[in-house]
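Student: Can you keep this structure in mind? I'll have questions shortly.
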Amino acid sequence: MDAVRGGAGTIVVMPTYQEADNIDVILPQLLACCPEVDVLVVDDNSPDGTGALAEDMASRNPHVHVIHRNARRGLGPAYVQGFRWSLEHSYDLICEMDMDGSHRPQDLARMLSVARGHAHPGLVIGSRRVRGGRTQHWPWYRDLISRVGSWYARTALGSSVRDMTAGLRVYRADVLRRIDLGRVRSSGYVFQVDMLRRVQAMGVSVVEVPIVFVERVRGSSKMDTGIVLEAMAQVTLWGLERLTRRN
């Protein structure tokens, strides 16, 4: 941790739980495609030894850093802790990326080019739902759930973003500093919608870049019915609050 470069750099925050089959594959691919980035693995005490593998990689590669948490606490809290660490170490671009192989490093590289461009968007989203974006090898029912969930969140919150639940993102650090991360309570995948609504409420520019979202080939998905129900309930509440404010 003492050798963190920080400064005007870019960091990719990658929460992990039970990703021992993926970490030795995904991290080298990411660092080969985007050699300028640092990576922060936030591991929730994975029983399969994911955290130990991350620590071993960090001992051999100064671009890799690790936060060990003592229990599985959910995606949202893992990202919030990773964001705080990244802000404390003065990175200027802070990314979200899954460790399961569903997010391609080459897509992140294109998104970083957009984030560093003249327009300086506050948030760049890797989108499956804009022209040129798609999913690959997804079962039809999962794609349907994703599309309906994104449509529902977009409608309830009055957003123009097509892929509301996208998990491949690039935030400018100054945008994250303006968000009170202590008030972000979302745990599951609805965290992505929560962060997006907070960013848009500040009037920050959001750009969607088309990506190919690939079904994982190793390990098992963490998505379950409880996560979907949490998202629907929370989005409904936010939508009602929005209508109340308008009236």
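Student: Looking at segment 211-228, is at least one residue part of a loop (DSSP other than H, G, I, E, B), open to solvent by 50 Å² or more (accessible area, probe 1.4 Å) and modelled with pLDDT of 90 or more?
Tutor: no
Student: I'd like the residue in segment 117-148 that is part of a loop (DSSP other than H, G, I, E, B) and modelled with pLDDT under 95 and, out of all such residues, is most open to solvent (accessible area, probe 1.4 Å). Show your work before the answer.
Tutor: Here is the first cut: in segment 117-148, the ones part of a loop (DSSP other than H, G, I, E, B) are 117-122, 128-133, 137-139.
When the remaining residues are screened for being modelled with pLDDT under 95, the result is 117-120, 137-139.
Numbers: GLY117: 23, HIS118: 190, ALA119: 90, HIS120: 99, HIS137: 142, TRP138: 37, PRO139: 38 Å².
Among those residues, the one meeting the criterion is HIS118.
Student: Name, by its number, the condition in (1) part of a helix (DSSP H, G or I); (2) touching an Asp or Glu at 6+ places or on another chain (Cβ under 8 Å) that does not hold for ARG162.
Tutor: (1)
Student: Going by the structure shown, is ARG242 charged (D, E, K, R) and in a loop (DSSP other than H, G, I, E, B)? Give the derivation first.
Tutor: Working: charged (D, E, K, R): yes; in a loop (DSSP other than H, G, I, E, B): no.
In short, no.
Student: Looking at segment 160-186 only, could you name the residues that are in contact with a Leu (Cβ under 7 Å, 6 or more places away or on another chain) and either on the phi > 0 side of the Ramachandran plot or among the hydroxyl-bearing types (Ser, Thr, Tyr) (or both)?
Tutor: Looking only at segment 160-186, we keep the residues that are in contact with a Leu (Cβ under 7 Å, 6 or more places away or on another chain), and these are 161, 164, 168-173, 175-177.
Result: TYR171, single match.
Student: Next question. Would you confirm whether or not segment 174-196 contains a residue that is under 24 Å from GLY132 (Cα atoms) and touching a strand residue (DSSP E or B) at 6+ places or on another chain (Cβ under 7 Å)?
Tutor: no
Student: Another question, if that's okay. If you go through segment 198-210, how many residues are farther than 23 Å from ASP143 by Cβ and either within 13 Å of the chain's Cα centre (by Cα) or buried (at least 20 other Cβ atoms within 10 Å of the Cβ) (or both)?
Tutor: Qualifying residue count, segment 198-210: 1.
Student: Moving on. Regarding segment 135-143, can at least one residue be identified that is touching a residue at least 60 places away in the same chain (Cβ under 8 Å) and under 17 Å from the mean Cα position of the chain (by Cα)?
Tutor: The answer is yes; a qualifying residue exists.
Student: Another question about this same structure. What strands (runs of 3 or more DSSP E) lie completely within segment 1-106 and have 3 or more residues being under 22 Å from ARG198 (Cβ atoms) and open to solvent by less than 10 Å² (accessible area, probe 1.4 Å)?
Tutor: Working: elements: 10-16, 38-43, 64-68, 93-96.
It comes to 10-16, 93-96.
The values are calculated or read from the model by the stated rules, or taken from the named source; none is laboratory data. In this text the structure is predicted, and so the values were computed from the model without any measurement. In this analysis, Cβ positions are derived from the backbone assuming ideal geometry, glycine residues included, and neighbour counts consider all displayed protein chains. Please note that ligands, DNA and RNA were not included when accessible areas were found on the heavy atoms of the full protein model with its side chains. Shrake-Rupley method; radii C 1.70, N 1.55, O 1.52, S 1.80 Å.
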